[in-house]
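Okay, structure first, notes after.
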Amino acid sequence: MRIIAGTARGLRLKMVPGKHVRPTADRVKESLFHIIGPFFDGGWVLDLFAGTGALGLEALSRGVDRAVFVDRHRLSVETIRANVQLAGFEEQSEIYQRDARAAIRVLVRRGIRFRFVFVDPPYREGWHVPVLKQLATAPILENNGVVVVESASNQALPKEVGALHVTREMAYGDTAIRLYQLQSDA
């Protein structure tokens, strides 16, 4: 697993010990960033269920200003810290060891708005819809912000969750990516 493009291109990332983390495949990550980027002129990203931090680090390498990484597992947080340091993004990163929904509440209180929110929870634990519901009502997305949701390709997720609606769906073998955006009243 590596950073594919940008200032940290080619950097090999550390993996989380054990089997509780399923990192996003490089080919999926490359396709995703080709669609949502491929490069950025600032903004913030939130990497929920961050695992190794690969998605947030890829976004930093491609030009976002700041990334917030959230994972509840100690080993994941240690791996994220190591990868952030390897990539030289310590000054542009915040790392939290906590539940995703609790982290969202804290970030809302801080008034932070994100250009991208990456949601890549363990596929079988039922986190997708509850987190999407919270993101749909929390004032956490920039105008035209995107929630990127990774799931198993055979996992049914709703096309709409509150004010969030799917704008694009892609499948890569056993992995699916859905892009959600807030519906505008206009």
For this session: Below 23 Å Cα-Cα, how many Lys pairs turn up in the chain? Only count pairs eight or more apart in sequence, or on different chains, if you could.
Result: 4
For this session: Go through 97, 86, 38 and say which Cα lies farthest out towards the positive end of the charge dipole of the chain; charges sit on Cβ, +1 for Lys and Arg, -1 for Asp and Glu.
Result: 97
Problem set entry | Over segment 19-62, relative contact order from alpha-carbon pairs under 8 Å, at least 6 apart, % | 46 percent
Exercise. Which shape class, rounded, prolate or oblate, goes with the chain when its Cα gyration tensor gives a ≥ b ≥ c as root eigenvalues, a/c under 1.5 marks rounded, and past that a/b bigger than b/c marks prolate?
Worked result: rounded
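Could you tell me what percent of the DSSP beta bridges with both partners in segment 1-146 are antiparallel, to the nearest 5?
Details: 1 of 17 bridges.
Beta bridges within segment 1-146, antiparallel portion: roughly 5 percent.
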Exercise. What does a probe at residue 106 reach in segment 122-138, counting residues whose amide N is under 16 Å from the point 7 Å along Cα→Cβ?
Worked result: none
Exercise. Any idea how far the Cα center of segment 25-99 sits from the one of segment 143-163, in Å?
Worked result: 19 Å
Seminar exercise, completed: Neighbour-count ranking for 14, 29 (other C-beta within 10 angstrom, fewest to most) reads 14, 29
Seminar exercise, completed: Yeah, segment 77-145 with a ≥ b ≥ c from its alpha-carbon gyration tensor (a/c under 1.5 is rounded, else prolate when a/b outruns b/c, oblate otherwise) is oblate
Problem set entry | MRE, 222 nm, helices only [DSSP H, n ≥ 4, -39500 (n - 2.57), over the chain, to nearest 500] | -8500 deg cm²/dmol
Exercise. Taking neighbour counts of Cβ atoms within 10 Å as a proxy for exposure, in what order, fewest first, do 116, 89 appear?
Worked result: 89, 116
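A short reminder: the numbers here are calculations on the coordinates, not readings from a lab. As the structure is a computational prediction, the values presented were derived from the model and not from experiment. Reconstructed Cβ throughout: ideal geometry from the backbone, glycine too, with neighbour counts over all protein chains shown.
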